[in-house]
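Engineer: What follows is a single structure, and I will ask about it in a moment.
The values are calculated or read from the model by the stated rules, or taken from the named source; none is laboratory data. Every value quoted in this text rests on a predicted model; they were computed, and no experiment measured them. When we count neighbours, we look across all protein chains shown, and the Cβ atoms used for this are built from the backbone with ideal geometry, even at glycine.
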Amino acid sequence: MKRTERIHLVAGLVLIVAGVIADAAAGQSSPSNTPTVAFVRVESPAKRMQYLARAEIWRDPGQLTPERLLAGPPLNDKSGVAEAPADRPFPCTFAGPGKTMGGNTPKFSCRTASGETIRVKYSDESTKSINREVFSLVGATRLLWALGFNADPVYPITVECHDCPQNPMSGSGTKAQRLFMAVYQPQFVDPAIVDEPDHQGWRWGELDDAINSLPDGELKARQRQHFDALMLLGVFLQHGDRKPEQQRLACRGMLNLQAGEFRPRDNARGQLAVFFERPGATACDFPDVTVQDIGATFGGAGRTTNATTAKMNLDTWASREIFHGTPDAGRGAPEECHGRLTVSMAAGEGSLGNPRIGESGRVFLLEQLRRLTDDHLRAIFTAARVNQMGLKHSWRDPENGQVYTATDAWVAAFKHKVHQIERRTCAP
């Protein structure tokens, strides 16, 4: 996600209405012009690092059935996507080209029957060029949800775009009614915790340092375990396009209104507000970290993010080993484990390529992966619509020579990668 794209997303944040929170505290009715909160501004980088160090990385997702995984997380917005029949195209009227939103992924905005303007990423089959991110985004976000890691939900839709230009990304060409395979990603709702306006994300190495700064004890051990598991999952998915703005430190739940003050800020899409936290106070009791853009996954990460090999490419993904080196086969003390992951040049320093994985994190991720049955995995790849990509998927198991096709090929390759994690033992 480019910086300009991030700014557009932030501009549309809809979350905590200050008056609603005040109502809960004071029992008063809220004025109609109450601003919504976009940011929690803390006093210093050091305070932000304190929030980052104790931010929730994982929480138990409970018993998600394959049916729930296929349907996706509950969607409670005014877009109309949740109420639309799954077997019919979703109608909307073209509202604006994707080029104004930043980033290179094909996208556009459209107005739904409910009057809401939504942003969709799309794949145009007429150009003979597949936008693989439309498929990988759904698969990756469903997997993170199933395993208990925070990710912004994504919903697969077929868009029936009315008054749609031939090229919705640029806005050029004749207008007509057009169909696109697409995804809808609701605007995220939790306010970002920042120490300055442009510091909205976090680097993987920064979170690693924040956890290391904690005093020894239960919190540090838990955070290390969960973060190592998340890093290993990043290797599993080949998530190397990890620029800081593609991660978010946010406040989940209600703000402590006694810890600071609101300062409204007018915006073209309505009133937003920044909550300025007073020095020494704590405005947010439940910070969490979210991976908010994981479209370049289920392929092979590299120094540059190739649109074909880095996203939903079975051959490339299945060929990437999880760890450097070979299993120790029980000989002597376990060695350090390093995942095989090349991070993109755009991610910059501190993005933790080839990350070190501790044994506690390896075991924890393995426990979560083992909760997924074949039916769960089929639900994930069915939601991702791998069989609608216009490609023939085939994979041969290197251990027994069996050939799998279609969705079964993705399921078998997934399980083969899980076996690689099972066969390894890592140093603490």
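Engineer: Cβ-Cβ distance below 8 Å, separation of 6 or more or different chains: which pairs start in the stretch 353-370 with a residue that is at positive phi and end on one that is of a type in the set (S, T, N, Q)?
Structural biologist: Going by the 8 Å Cβ cut-off, the qualifying pairs are 354/342.
Engineer: I would also like to ask the following. Whether any residue in the stretch 368-377 is in contact with a Pro (Cβ under 8 Å, 6 or more places away or on another chain), surrounded by 14 or more Cβ atoms within 10 Å (Cβ to Cβ) and more than 20 Å from residue 145 (Cα to Cα) is what I want to check.
Structural biologist: no
Engineer: Which ones in the stretch 117-134 are out of contact with any Ser or Thr (no Cβ under 6 Å at 6 or more places or on another chain) and assigned to a strand (DSSP E or B)?
Structural biologist: Those that are out of contact with any Ser or Thr (no Cβ under 6 Å at 6 or more places or on another chain) and assigned to a strand (DSSP E or B): 120, 122, 123.
Engineer: A follow-up question, please. Looking at this structure, is residue 114 assigned to a loop (DSSP other than H, G, I, E, B), hydroxyl-bearing (Ser, Thr, Tyr) and more than 20 Å from residue 317 (Cα to Cα)?
Structural biologist: Details: assigned to a loop (DSSP other than H, G, I, E, B): yes; hydroxyl-bearing (Ser, Thr, Tyr): yes; more than 20 Å from residue 317 (Cα to Cα): yes.
Here the answer is yes, as residue 114 does meet what is asked.
Engineer: Can I ask one more? Select, from 191, 165, the only residue that is within 21 Å of residue 130 (Cα to Cα), buried (at least 18 other Cβ atoms within 10 Å of the Cβ) and outside the structural domain of residue 303 (by TED's automatic domain parsing).
Structural biologist: Going through 191, 165 in turn, the sole match is 165.
Engineer: Taking residue 362 and the conditions (1) buried (at least 21 other Cβ atoms within 10 Å of the Cβ); (2) farther than 25 Å from residue 210 by Cα, which numbered condition does it fall short on, given that it satisfies the others?
Structural biologist: Failing condition for residue 362: (2).
Engineer: Is at least one residue of the stretch 394-408 touching a Lys or Arg at 6+ places or on another chain (Cβ under 6 Å) and small (Gly, Ala, Ser)?
Structural biologist: So far as the stretch 394-408 goes, no, none of its residues is touching a Lys or Arg at 6+ places or on another chain (Cβ under 6 Å) and small (Gly, Ala, Ser).
Engineer: When you scan the stretch 91-98, do you find a residue that is without any contact (Cβ under 8 Å) to a residue 24 or more places away in the chain, surrounded by fewer than 19 Cβ atoms within 10 Å (Cβ to Cβ) and not assigned by TED's automatic domain parsing to the domain that holds residue 310, even just one?
Structural biologist: yes
Engineer: Show the residue pairs that are 6+ apart or on different chains and have beta-carbon atoms under 6 Å apart, the first residue being within the stretch 297-315 and within 12 Å of residue 235 (Cα to Cα), the second being of a type in the set (D, E, K, R).
Structural biologist: 299/311; 300/320
Engineer: Here is a check on your reading of the model: is residue 371 basic (Lys, Arg) and in contact with a His (Cβ under 8 Å, 6 or more places away or on another chain)?
Structural biologist: In short, no.
Engineer: Here's a follow-up. Can you spot a residue in the stretch 199-221 that is β-branched (Val, Ile, Thr), in the same structural domain as residue 384 (by TED's automatic domain parsing) and under 28 Å from residue 296 (Cα atoms)?
Structural biologist: yes
Engineer: May I ask you to verify whether residue 205 is surrounded by 18 or more Cβ atoms within 10 Å (Cβ to Cβ) and within 19 Å of the chain's Cα centre (by Cα)?
Structural biologist: Details: surrounded by 18 or more Cβ atoms within 10 Å (Cβ to Cβ): no; within 19 Å of the chain's Cα centre (by Cα): yes.
No.
Engineer: Among the residues of the stretch 284-296, which ones are touching a residue at least 40 places away in the same chain (Cβ under 8 Å) and within 14 Å of residue 52 (Cα to Cα)? Break it down into steps so the answer makes sense when it comes.
Structural biologist: Taking the stretch 284-296 and keeping what is touching a residue at least 40 places away in the same chain (Cβ under 8 Å), we get 284, 286-296.
Within the stretch 284-296, 284, 286, 287, 288, 289, 290, 291 meet the criteria.
Engineer: Another question, if that's okay. (1) closer than 23 Å to residue 247 by Cβ; (2) of a type in the set (A, V, I, L, M, F, W, C); (3) out of contact with any Ser or Thr (no Cβ under 6 Å at 6 or more places or on another chain): which one isn't true of residue 406, the others all being true?
Structural biologist: Here residue 406 meets the rest and fails (1).
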